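Reviewing the structure listed below.
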Amino acid sequence: MAVALMVVTLLGLQVGGAVLTRHRVEAAADQAALAAAGQVLAGADRACERARWVADRMSVTTTACRVVGWEAYVEVTARLPGWAVLSGTANAHARAGPTEVHGG
């Protein structure tokens with residue numbers, strides 16, 4: 001009975017860690033895209049450099065970054081914590097840029 005309880009507890013911790021990692025990756029993608037969008041006027045290279053800087057600080061890896069017009073698109077990934085059975089990666093992408101203003 002004690003072993004079963006320990007296994008369930010450990011699995012719960014693994015699932016919880018995966019959920020937290022997923023949230024962290026989503027937040028990092030959002031922040032990196034916003035940072036890149038803030039640097040679009042300086043050029044795509046500078047914008048993506050800034051996105052990578054933010055992603056690094058949030059302990060995720062930038063897998064893609066591109067600038068199209070005034071918008072920045074960023075993809076990031078992070079390894080899930082845990083055993084080999086539950087290992088994998090969490091991925092997220094985000095887009096940021098100016099809002100459109102519609103005249104009326």
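Only the coordinates and a few stated rules stand behind these numbers; no lab work does. Note that the structure is a prediction, hence the values are computed from the model and not measured. Here the Cβ positions follow ideal geometry from the backbone for every residue, glycine too, while neighbour counts run over all protein chains shown.
Of these, VAL54, VAL40, VAL68, which one is surrounded by 20 or more Cβ atoms within 10 Å (Cβ to Cβ), over 19 Å from the mean Cα position of the chain (by Cα) and either under 19 Å from ARG79 (Cβ atoms) or of a type in the set (Val, Ile, Thr) (or both)? Step by step, each of VAL54, VAL40, VAL68 is checked, and only VAL40 is surrounded by 20 or more Cβ atoms within 10 Å (Cβ to Cβ), over 19 Å from the mean Cα position of the chain (by Cα) and either under 19 Å from ARG79 (Cβ atoms) or of a type in the set (Val, Ile, Thr) (or both). The set of residues in the stretch 71-84 that are surrounded by 13 or more Cβ atoms within 10 Å (Cβ to Cβ) and either within 30 Å of GLY16 (Cα to Cα) or of a type in the set (Phe, Trp, Tyr) (or both) comprises TYR73, VAL74, GLU75, VAL76, THR77, ALA78, ARG79, LEU80, PRO81, GLY82.
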